[in-house]
Amino acid sequence: MGVQGSCHCGNVRIELPSKPEWVADCNCSLCRRLAWRTAYFPPDQVRISGETTAYVWGDRMIGIHHCPVCGCGTHWESLGEDFGKMGINARLLDDFDESAVEVRKVDNAG
Ligand SMILES: [Zn+2]
């Protein structure tokens, strides 16, 4: 059964094939500011509708997307290299309960 989500204003809608089995609590310079809980899925299993704006920095490997209306971080995707996955901000999923899913600390600091 699929899982849906949206940003606060509803401009951006997300559809995933299933609930994430775990989410990442990443400590990279951006995630620790944005407090994302990231779920990873293959890009071809994810549907995202609505306009987003991408933030790109550093080595320009990924674009970090947010809703330009309400500002919610929505997802990230590769800008070139095929990672086989993309990141979804699980906080946007309907009925997301952080205490009900495994949260893995991911160490990308530095
Ligand atoms: Zn929005």
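The values are calculated or read from the model by the stated rules, or taken from the named source; none is laboratory data. Keep in mind it's a predicted model, so treat the numbers as computed, not measured. Positions of Cβ are backbone-derived with ideal geometry, glycine not excepted, and every protein chain shown enters the neighbour counts. These area figures cover heavy atoms from the full protein model, side chains too; ligands, DNA and RNA do not enter into them. Shrake-Rupley method; radii C 1.70, N 1.55, O 1.52, S 1.80 Å.
In terms of solvent-accessible area of protein heavy atoms at a 1.4 angstrom probe, what is the ranking of 32, 37, 104, highest value first?
Numbers: 32 150, 37 30, 104 100 Å².
If we order 32, 37, 104 from most to least accessible, we get 32, 104, 37.
What do you reckon, how do 55, 40 stack up by accessible area (1.4 Å probe), largest on top? Provide the component values of the computation, followed by the final result.
Numbers: 55 105, 40 65 Å².
Solvent-accessible surface, decreasing: 55, 40.
Using θ = phi - 60° and the Karplus form 6.51 cos²θ - 1.76 cosθ + 1.60, what ³J(HN,Hα) does each residue of region 11-17 get, whole Hz, x for Gly and Pro?
Couplings: 4, 10, 10, 10, 10, 10, x Hz.
Collect residues whose amide H, placed 1.01 Å from N in the peptide plane, falls under 5 Å from the amide H of residue 27; neighbours closer than 5 in sequence don't count.
When sequence neighbours closer than 5 places are left aside, the close amide H contacts are 106, 108, 109.
Largest first, how would 75, 66, 8 line up by accessible area (1.4 Å probe)? Mind dumping the intermediate values first?
On the way: 75 10, 66 60, 8 160 Å².
In descending accessible area the options line up as 8, 66, 75.
So, with +1 on the Cβ of K and R and -1 on the Cβ of D and E, and no other charges, what is the size of the charge dipole of the chain about its Cα centre, to the nearest 20 debye? The partial results should precede the final answer.
Details: 11 positive and 15 negative charges, 53 e Å.
Result for the chain is approximately 260 debye, rounded to the nearest 20.
Report residue 69's accessible area, 1.4 Å probe, all protein chains in place, as a number in Å² to the nearest 10.
110 Å²
Over the heavy atoms of residue 44, what accessible area does a 1.4 Å probe trace out, to the nearest 10 Å²?
Its heavy atoms expose roughly 140 Å² to the probe.
How high is the FRET efficiency between residue 29 and residue 9 when r is their beta carbon distance and R₀ equals 30 Å, given to the nearest 0.05?
Numbers: r = 27 Å, r/R0 = 0.89.
Result of the calculation: an efficiency of 0.65.
Just to verify a number: what accessible area does residue 96 come out at with the full protein assembly present, 1.4 Å probe, Å² rounded to tens?
Roughly 60 Å² of residue 96 is accessible to a 1.4 Å probe.
Please list the non-local residues whose amide H lies under 5 Å from the amide H of residue 86, H modeled 1.01 Å from N, same-chain partners needing a gap of 5 or more.
Residues meeting the amide H criterion: 41.
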